[in-house]
Amino acid sequence: MTDPIRQELAEDLHAVGFKAGLSCDYHHRPKEINIEEPVLAEAITLVDHPQLQLEEWPEGWILDAARCSDHSVEEIAEPTKGFHEVLIIVPVTESHNVVSVDASTADEIHVVAVSSATEGCHPMLLDQQLMDAAEPGDLGLSRWNRVQAIVSGGPAEPFREHVESLIERSYEIPPSFE
């Protein structure tokens, strides 16, 4: 019997492309990821968010981040309420300069870690300045794993200070940020 999460992931992510090529989302400067081997990635399903007012909530799993070998992890260290989060290893392929998931069956997806939408801390506070700085449609921006990368990745001082002020004003802050 196939694991239901793996089956959903295979259906939702097969042939889905990564943002721009394939670089690590946890490096301050883009670091290209070798696509000869399966890739460690994070996928999310947005269940609820106290600030995002979306006319249509996206259905199913979406890719949220890719990790290079320098940023390889085996768990979701800072889960965020409102997001189902998975850490997966998936095969990828490149076609017409687009890198996408190449997993047509659940057997091709290795689930490393899972976090339910009821686990972790509430998402970080968002504001218009942060949303303007983000890529359009970046639904995982307020996930604590991604916030940790923003703070530790060495962004320019004014932006970093702004993110740190948002963290301080957030409803709930993970212990690693305190």
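The values are calculated or read from the model by the stated rules, or taken from the named source; none is laboratory data. The structure displayed is predicted, hence computed values, not measured ones. When we count neighbours, we look across all protein chains shown, and the Cβ atoms used for this are built from the backbone with ideal geometry, even at glycine. The protein model used for the area step is the full one, side chains on, heavy atoms only, and it has no ligands, DNA or RNA in it. Shrake-Rupley method; radii C 1.70, N 1.55, O 1.52, S 1.80 Å.
Pop out the Kirkwood hydrodynamic radius of region 1-97 from its pairwise C-alpha distances, inverse of mean 1/r, in Å to one decimal.
Value: 14.7 Å, from the Cα pair sum.
Using bins 10 angstrom wide from zero, how does P(r) for the chain break down, in % of all Cα pairs?
Per 10 Å bin, starting at zero, the Cα-Cα P(r) for the chain comes out as 9, 38, 38, 14, 1, 0 percent.
Using a 1.4 Å probe on the protein heavy atoms, what percent of the accessible area of region 1-100 belongs to carbon and sulfur?
Result for region 1-100: 45 percent of the exposed heavy-atom area is carbon or sulfur.
Check each of the chymotrypsin sites (Phe, Trp or Tyr not before Pro) in region 96-178 and keep only those in coil by DSSP with at most 13 other C-beta atoms within 10 angstrom; list them in order.
Those that pass, being in a loop and sparsely packed, are 171.
Please determine, in degrees from 0 to 90 and to the nearest 10, the orientation of helix 157-169 with respect to the longest principal axis defined by the Cα atoms of the chain, where the helix direction is its Cα long axis.
Orientation of helix 157-169: about 80 degrees from the principal axis.
Helix 4-13 against the longest principal axis of the chain: what's the angle in degrees, Cα atoms only, rounded to the nearest 10?
Orientation of helix 4-13: about 90 degrees from the principal axis.
Fully extended, how many nm does the chain gain between residue 93 and residue 53 (0.36 nm per residue separation, minus their Cα-Cα distance)?
Taking 0.36 nm per residue and subtracting the Cα distance, the gain is 11.0 nm.
Rolling a 1.4 Å sphere over the protein heavy atoms, what is the accessible area per residue of the chain, to the nearest Å²?
Ligands and nucleic acids excluded, the figure is 55 Å² per residue.
By per-residue mean of other Cβ atoms within 10 Å, what is the highest-first order of 51-62, 79-90?
Result, highest mean first: 79-90, 51-62.
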